[in-house]
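Report on the following structure.
Just so you know, all these numbers are worked out from the coordinates, no wet-lab data involved. Bear in mind that the values here come from a model prediction, so they are computed numbers and not experimental data. Because the Cβ atoms are built from the backbone with ideal geometry, glycine has one as well, and the counts that use them run over all protein chains shown.
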Amino acid sequence: MPIETAAGVPINCGVYGTTVTHDADPRTCSYTHFDLSSEQLGRTQRYNCWGFTFLPRRYWIDSSTDVDNIIRDNCVPVAAGAVRLGDVVRYRDENDVTTHTGRVWETDAAGNATLIRSKWGPWAEYLHLPADVPPIYGTNRAYFRQMLPLRGVADLWIKDSPGDDGGQHSPAPWWTSPDILLDAPPHDGVPDASPAFGQPNRVWTRIANRCNVAATNVYVRYYWADPSAGLPASAWNLIPGTPGHPNPAGPFTVPANATIDAPYVEWTPSAAPAHQCLLAVACINDDPRDSANPDPLVFPFDVPWENAIGQRNVHIVPAKLGTVHRIEIFTMLPWQRKPKLPPGELLVVLAHSPRVPLLGQPMRHVTPRIGVTFDGKRALKLKPMRSATAMPEFPERRLLGTPVAAGTLADLVLSMGRRYPLAVEITVPRNARVGSTYYLHLMQRFGRTITGGYTVAAVVE
Amino acid sequence: MPKFQKHLQRLRKPEAIRDAVFASSPYVLRRAFSTDPTVQQLVQAGPDVVADIEKELADGGEQLPDITLACLAYVLWQIAPDRGPALLAPLLRRMLDEHGPFFVHFATHLLRQQARLPVRPLEMVYRRDEMTEALRRFG
């Protein structure tokens, strides 16, 4: 099937060699395999910058006109100051010819791109400053947001949060996938909010295919992890397969433009720590050089960047009026090797989702008392927000409710591989509205990037 | 020893051509060639270079890196486009089924220009049917 823009304009592309040679540039990116071995994304003619930006490393797109057509048909312009992670950066020269593209990897507080990920012709895939490119690319930079997928490809998609629209990068809370489901015993086929500890729970995932090419021979790999805001790949544990329910589960087909429920695995979590973190990876293989794969994994172990990966880091607490709930989770660095970054922060946001009244005035929220202590030493206080405070970090208010209080624990210096306890205490007010839900989002942030999160949902009973 | 041996030897390493290895398209590669001192010295030397390019193509042929071949086609196009079909058409014919992302477009551009077929002067990117159409004009 030809690859086309959303308007049906064909894209000419090819593969001009499969060899990869090493690049000594420290900016060179790498790919982490399921077995945690790493492969450098070095110099190759298999794909170029345009193939990286629009065709998950599958092909080399020959013509800048095709790229202009993709941007015209599938993207919308993004104004300066409104740039987000995952947006497309386009470089043009003084002749107004498109010379290069990439994806925005980091932004600053003012909404400008500060780090780009792109592939430089037949050379390697790099992380670089926006202006730090070869002079032949020109200095005319513009930003776009890809709104529609291409035709003629597949795009396996596990939603990262209820508000996930399938775009390149999911904003916080990207650890609240509604597509990872579990059925605690007795197994009635109906998804449950929380697992039963010490017993086999059925875990499955709902997988969509956003595009018009079926994905065949698909497997899902199911993982559990200790409850943590920030998870390195090494902290993901493959759920052991059981007779009749292997993990990875599959193979199966996800038809074009369809959603399916993948086969389930049986998961027996322990109660200490209360395992609530589940991850699912839908993939055809683990080969970043397979151009025939209709939807290769591009960012393995990277939940917000990879559509085919979902994470459910949600702890649901049935909260009776006047009760106190204590939960212990962790925070840890989410990298195998720490990039050069400033000290981290712990950002805590309390959001409220009222039960909508059928008649009368909208219900006002009553703020619960929240205690968060980092590593047994540093306590965090939340400050109430006046009105539905505009939070520049979350412009679309995707926090599963209206933010009502927030706090930040700054200057977190975390050591590689160490887990730091986060003690959370929620006191449910006696006059809280029954049926409403409080969401406590605990987010780990480095620079401007949310690098991990955990959400406690207290449902008032 | 060919007069421009050193220049041509240098072109055998694409990374020695300024910015050429960062090119995502024939257009960007052409811009790289237009700013590289070695390439420009060859262009300024004019038709004297043709014999050396002919020998380089005969010796190396499709074994040369794709960017190097594209560079030789570029120089020919600049200094002696009328010699292009004789020197490039056989190579283009052999490489139609397996080629890199650059040379076939530079060669096709030159051939189509010589055959007075429609060209894409800015982008210089051609489909396979346009390549074969150009080759048919030259036997």
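Taking every alpha-carbon pair in segment A:156-314 and binning the separations at 10 Å intervals from zero gives 11, 43, 36, 9, 0 percent. Phi angles across segment A:304-310 convert, under the Karplus curve 6.51 cos²θ - 1.76 cosθ + 1.60 with θ = phi - 60°, into 3J(HN,Hα) values of x, 8, 10, 4, 7, 10, x Hz, Gly and Pro given as x.
A straight chain from A:Ile316 to A:Asn95 at 0.36 nm per residue would run longer than the Cα-Cα distance by 73.9 nm. Label point of A:Thr19 set 7 angstrom out along Cα-Cβ; within segment B:1-23, amide nitrogens under 13 Å from it belong to B:14.
Amide H contacts of A:Gly102: A:Val89, each under 5 Å away and 5 or more positions distant or on a separate chain (H built 1.01 Å from N in the peptide plane; Pro and chain starts excluded). Net length available on complete extension from A:Asp302 to A:Thr253 is 15.3 nm, with 0.36 nm assigned per residue and the Cα-Cα distance removed. Annotation: peptides A:320-328, A:430-438, ranked by per-residue average of other Cβ atoms within 10 Å with the highest first, follow the order A:430-438, A:320-328. The alpha carbons of segment A:394-461 stretch over 42, 28, 16 Å along the principal axes, in descending order. Ignoring aspartates and glutamates fewer than eight residues from B:Lys55 along the same chain, the ones with Cα atoms less than 18 angstrom from its Cα are B:Asp66, B:Asp82.
The alpha carbons of segment A:13-146 stretch over 39, 33, 27 Å along the principal axes, in descending order.
With N denoting the number of residues in the protein assembly as shown, provide Rg(C-alpha) divided by 2.2 N^0.38 Å, to two decimal places.
On the way: Rg = 28.0 Å, N = 600, 2.2 N^0.38 = 25.0 Å.
After normalising by residue count via 2.2 N^0.38 Å, the value is 1.12.
How well do other chains shield peptide B:25-37, expressed as the mean number of their Cβ atoms within 10 Å of each residue Cβ? Spell out each step's value before the answer.
Numbers: counts 16, 3, 9, 14, 2, 1, 9, 4, 0, 1, 2, 0, 0.
Mean partner-chain Cβ count within 10 Å for B:25-37: 5.
Counting Cβ atoms of other protein chains within 10 Å of each Cβ in B:60-68 and taking the mean gives 1.
Give the average over all directions of the projected area of the C-alpha convex hull of chain B, one decimal, in nm². Show your work: numbers first, answer last.
On the way: hull surface 29.4 nm².
Average of the hull's projected areas for chain B equals 7.3 nm².
Note on the protein assembly as shown: with charges restricted to the Cβ of Lys and Arg (+1) and Asp and Glu (-1), its dipole about the Cα centre is near 1360 debye. Using 10 Å bins from zero, what percent of all Cα-Cα pairs in segment A:84-224 falls into each bin? Per 10 Å bin, starting at 0, the Cα pair percentages come out as 10, 27, 28, 19, 10, 4, 1. When you filter the chymotrypsin sites (Phe, Trp or Tyr not before Pro) in segment B:74-139 for DSSP loop state and at most 16 other Cβ atoms inside 10 Å of their Cβ, you are left with B:Phe138. Working from Cα pairs under 8 Å separated by at least six residues, relative contact order for chain B is 23 percent. In terms of the mean number of neighbouring beta-carbon atoms within 10 Å, the peptides A:247-253, A:18-24, A:281-287 order highest first as A:281-287, A:247-253, A:18-24. Counting, for every residue in A:130-142, the Cβ atoms of other protein chains within 10 Å of its Cβ and taking the mean gives 3. Each residue of segment B:115-123 is assigned a 3J(HN,Hα), and the resulting list reads 8, 6, 8, x, 10, 10, x, 8, 7 Hz, derived from the Karplus form 6.51 cos²θ - 1.76 cosθ + 1.60 (θ = phi - 60°), x at Gly and Pro. Taking every alpha-carbon pair within segment A:42-120, the share separated by more than 22 Å comes to 23 percent. FRET efficiency for the pair A:Thr367 and A:Asp411, taken as 1/(1 + (r/R0)^6) with r the Cβ-Cβ distance and R0 = 25 Å, rounds to 0.40. Using R0 = 51 Å, the C-beta based FRET efficiency linking B:Gln9 and A:Thr114 works out to 0.75.
Say R0 is 22 Å: what FRET efficiency, to the nearest 0.05, do B:Gln41 and B:Ala80 get from their beta-carbon distance? Rounded to the nearest 0.05, the efficiency is 0.90.
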